[in-house]
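S.K.: Sharing a structure with you now.
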Amino acid sequence: MSGRREEILDAALAIADERGLEAVSMRALAERVGVTPMALYRHVKDKAALLDGMVGRLLSALLPTEAAPGAREPAWDERLDALAHACREVTQRHPWAAHLLFSRPAVTPDAVRAVDIIYLALIEAGVPEPEVPRLERLISTFVIGFATSEASGRFTPGALDPRGRRGQLPDSELPGHSRLGPWLDLPVDLTAEFEADLADIRRLVLGAARGDE
């Protein structure tokens, strides 16, 4: 990626951080970098290409740095965990990014490299190659979906705590909630939940590698 293109994409990320993703436009970006909108088209041909470039720029932060000579190569599960944590950290720094990651295909070089990390980890784990693309989609959807829900506030109680929400309907209409009440009333540790979910993902991968149904 050229230095000028990196500068343009970083300016787009800054606009989204300051004013939201909807504020990112070719005109606003041209004003930010001090050029005419037409001059931008040498680096990003249109708004769709700009959004794809922003996805690639975000995902470049997920790519591992080059290991020192002689350093141990991380195992497949360590690489998956590192990628998942990096994705969550990106959306915590840029809450608007989760929606963009969910809505754009992985088409830029950095985005494709991030997917390839997952492919290679699954292959190393022993997952049959025909199953690798499906499991990659499942893992990516979980990680980005968790990050999206966290960034959007979906996991927070809002104006009511869990008991208050249940109180809006009779218990007879919420048998599952009534049974799980003692656990629903506990405060949610999203970091612990994310780690537990990743552990479930690792078990799922190992099950796929063994051929478990």
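Bear in mind that the values in this text are calculations on the coordinates, not laboratory data. Not measured: the values here are computed from a predicted model.
S.K.: From Cα coordinates alone, what are the radius of gyration and Dmax values for the chain in angstrom?
M.R.: When restricted to Cα atoms, the chain yields Rg and Dmax of 20.8, 64 Å.
S.K.: Relative contact order (percent) for the chain, with alpha-carbon contacts under 8 angstrom and 6 or more residues of separation? Working shown, then result.
M.R.: Numbers: 173 pairs, mean separation 40.7, N = 213.
Computed value for the chain: 19 percent relative contact order.
S.K.: May I pose another question? Grab the eigenvalues of the alpha-carbon gyration tensor for segment 35-119, scale each by 5, take roots, and send me the semi-axes largest first in whole angstrom. Walk me through the intermediate numbers first.
M.R.: Details: eigenvalues 160, 45, 25 Å².
Result for segment 35-119: semi-axes of 28, 15, 11 Å.
S.K.: Send over the per residue convex hull volume for segment 1-53, Cα only, as a whole number of Å³.
M.R.: Values: hull volume 3.5 nm³, N = 53.
Measuring per residue, one finds 67 Å³ for the Cα hull of segment 1-53.
S.K.: With an 8 Å cut-off on Cα pairs and a minimum separation of 6 or more residues, tell me the relative contact order of segment 31-144 in percent. Walk me through the intermediate numbers first.
M.R.: Numbers: 79 pairs, mean separation 38.6, N = 114.
Normalised by residue count, the contact order of segment 31-144 is 34 percent.
S.K.: Ok, one more. Per 0.36 nm of contour for each residue apart, how much would the distance between Arg154 and Val33 grow if the chain were fully extended, relative to their Cα-Cα spacing?
M.R.: 40.1 nm
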